[in-house]
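**Student:** Just passing along the structure, written as structure tokens.
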Amino acid sequence: MTRLVVVGLGLIGGSIALAHRAAEPRGERIGIDAAGVIGSPAAAAAVDERVDAADRDAVRAALTGASLIVLAMPVQEIVAQLDEALEVGDVVTDCGSTKRAIAEAAVRSPRASRFVPGHPMAGAPTGGLEQARADLFERRRWILCPEASDADALARVEELVRRVGAVPARMGAAEHDRAVALTSHVPQLLASAMAMLAQRHRARVAAGPAFSRLTHGAGGPGRMWGDIFSSNADEIAALLRELCGELEQVASELEQAPAGTERALELLAAARAALDSAG
């Protein structure tokens, strides 16, 4: 019987517990979080045993001998918890939004091969345990970065990923951080900048579906995004510079009199081709 310990019962951690309960009702699920979280009805519905993160003795007892430990917290909190989890658990994975800092921290442990860095590509505009649901990961990719993991640890984590409905995919940690900077972190900043500009120019009255799609999820919790930005700053900055360069070329041509539209139209055509080739 699987003894699954989830550290961090937010949207992701809570959804893992709920999905695991649905897939393996006879398994054992332990949730670790702050007292205010584990005392909620949502926590009682997600896990079989609840542990206060402030009680370090109880936390260590819960982690000891776990079949699989999932660290579903912000990146820096994962780094801080990783040594203890690897010391006493059998296999450890995480759900951090960036991977390089976590993978580098894991290498320092003598049991580094029992760690499989991971990142489920699922979420919701609003976080928190109350938003958790068992089907959150259905048919979603779950990136694993097993560059230093042994085969057994990887197989165990891939089994969990499939059991909760997701599709495992493998990438290197550096490749992952570059990819999510482009597909998640830069878009978050772009969406937020567009929302702010629309407010500044009092243009929201003219906003239609395209603007709503573009700015969906703009803003976001500072605690989560601050952790992401700081742990992936170099990749985000490089891609922002590249994006600004693309748009600057368009802006420079549009400023010409009469306005030049060739670069703007080339950008649209190139985007159509890129989307078509991606299927």
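**Student:** Using the number of other C-beta atoms within 10 angstrom as an exposure proxy, rank Leu9, Leu136 with the fewest first.
**Tutor:** Leu136, Leu9
**Student:** Could you tell me whether the stretch 47-133 comes out rounded, prolate or oblate from its Cα gyration tensor? Rule is a ≥ b ≥ c as square roots of the eigenvalues, rounded for a/c under 1.5, then prolate if a/b exceeds b/c, otherwise oblate.
**Tutor:** oblate
**Student:** Starting from 0 in steps of 10 Å, tell me what percent of the Cα-Cα pairs of the stretch 115-217 lands in each bin.
**Tutor:** 13, 32, 31, 16, 7, 1
**Student:** Which of the DSSP-defined H helices in the chain satisfy a minimum axial length of 30 Å, computed from C-alpha atoms, and a minimum mean Kyte-Doolittle hydropathy of 0.0?
**Tutor:** 233-254
**Student:** What does the extension gain come out to for Asp52 and Ala271, with contour length at 0.36 nm per residue minus their alpha carbon separation?
**Tutor:** 73.9 nm
**Student:** In the Gaussian network model of the chain, springs joining C-alpha atoms below 10 Å, which of Gln76, Gln131, Gln249 carries the largest mean-square fluctuation?
**Tutor:** Gln249
**Student:** Rounded to the nearest 0.05, what FRET efficiency is calculated for Ser252 and Arg60 with R0 set to 45 Å and r the Cβ-Cβ distance?
**Tutor:** In this case the efficiency is close to 0.15.
**Student:** What trypsin sites (Lys or Arg not before Pro) in the stretch 241-279 are in a loop by DSSP, with at most 13 other Cβ atoms within 10 Å of the Cβ?
**Tutor:** Sites meeting the loop and neighbour criteria: none at all.
**Student:** Determine, for Trp142, Trp225, the number of other Cβ atoms within 10 Å of each Cβ, and report the residues in order from fewest to most.
**Tutor:** Trp225, Trp142
**Student:** For the chain, set up a GNM with springs between Cα atoms under 10 Å and report which of Ala19, Ala46, Ala251 has the largest fluctuation.
**Tutor:** Ala251
**Student:** Moving on. How long are the semi-axes of the equivalent ellipsoid of the stretch 1-103, defined as square roots of 5 times the Cα gyration tensor eigenvalues? Whole Å, largest first.
**Tutor:** One finds semi-axes of 19, 15, 14 Å for the stretch 1-103.
**Student:** What's the longest bit of the chain with no exposed GluC sites (Glu not before Pro), using DSSP loop states and at most 14 other Cβ atoms within 10 Å as the test?
**Tutor:** That would be 1-137.
**Student:** Nearest 500 deg cm²/dmol is fine: what mean residue ellipticity at 222 nm does the chain get from its DSSP H runs of n ≥ 4 alone, each adding -39,500 (n - 2.57), divided by its residue count?
**Tutor:** On the way: 13 runs with 143 residues, N = 279.
The helix-only estimate for the chain comes to -15500 deg cm²/dmol at 222 nm.
**Student:** Related question: Past the 21 angstrom mark, what percentage of all C-alpha to C-alpha distances in the stretch 169-273 do you count?
**Tutor:** 51
**Student:** Also, I was wondering about something else. Give the span of the chain's Cα atoms along each principal axis, as three whole-Å numbers ordered largest to smallest.
**Tutor:** Computed over the chain, the largest-to-smallest principal extents equal 72, 39, 32 Å.
**Student:** Could you list Val7, Val250 in order of exposure, starting from the residue whose Cβ has the fewest other Cβ atoms within 10 Å?
**Tutor:** The most exposed by this proxy come first: Val250, Val7.
**Student:** Let me ask something else. Regarding the stretch 85-155, what is the average projected area of its C-alpha convex hull, in nm²?
**Tutor:** Convex hull of Cα atoms, orientation-averaged projection: 5.7 nm².
A short reminder: the numbers here are calculations on the coordinates, not readings from a lab. Note that this is a predicted model, so its numbers are computed, not measured. So basically every Cβ, Gly included, is an ideal-geometry build from the backbone, and we count neighbours across all protein chains shown.
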